[in-house]
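Values in this text are rule-based calculations from the coordinates and carry no lab data. Owing to the predicted nature of the structure, the values given are computational and were not obtained by experimental measurement. Cβ coordinates were reconstructed from backbone atoms using ideal geometry, including for glycine residues, and neighbour counts include every protein chain displayed.
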Amino acid sequence: MPIDATQPYDDNNIFARILRGELPSKTVFEDEFALAFHDINPQAPLHILVIPKGAYVSWDDFSARASDAEIAGFIRAVGIVARDQGLVAPGYRLLANTGLDSHQEVPHLHVHVFAGRKLGPLLAP
Ligand code: AMP
């Protein structure tokens, strides 16, 4: 079910549980600000999720409340993940679903990194 991006943060959402080590993830990167892991249901040959360590529901929540250090750290982490995976030359797509119309399902900010094939038009018809 899509979530409302204005809802309060739910400490028991699935990505909060991954951050606490209560659920497994196929981690590809971790630092002070971010964790990156393979999506459990990949939509491209390479499909990684990058999440901030802090408790933020969505891109909206993060961009409004996160500190400058958290924002810089998270954005840099997304770039590091893409570079580490060798994606700069072939190219990749970033996506951050936010709220109901976007069909965001997990209420903890996550940036999708898609790569590994020609990704086609930006949006489905
Ligand atoms: P969104 O629709 O933007 O909220 O995307 C949520 C993403 O989280 C989907 O692509 C799911 O496949 C992915 N996902 C859900 N649970 C897990 C999990 N335990 N580990 C990795 N990815 C997950």
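Structure above, values below:
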item: Normalised contact order of the chain, rounded percent, pairs of Cα under 8 Å and 6 or more residues apart; result: 36
item: P(r) weight above 17 Å for the range 4-55, C-alpha pairs, percent; result: 39
item: The range 14-115 pair-distance distribution - Cα-Cα, 5 Å bins, rounded %; result: 2, 13, 25, 27, 21, 11, 2, 0
item: Expected 222 nm ellipticity per residue - DSSP helices of 4 or more, -39500 (n - 2.57), all of the chain, to 500; result: -7000 deg cm²/dmol
item: Centroid-to-centroid separation of the range 18-64 and the range 82-103 [C-alpha atoms, Å]; result: 12
item: Extended-chain gain in nm, criterion 0.36 nm per residue less alpha-carbon gap, Arg93 and Asn41; result: 17.1 nm
item: Neighbour-count ranking [beta-carbon atoms within 10 angstrom, fewest first] of Tyr9, Tyr92; result: Tyr9, Tyr92
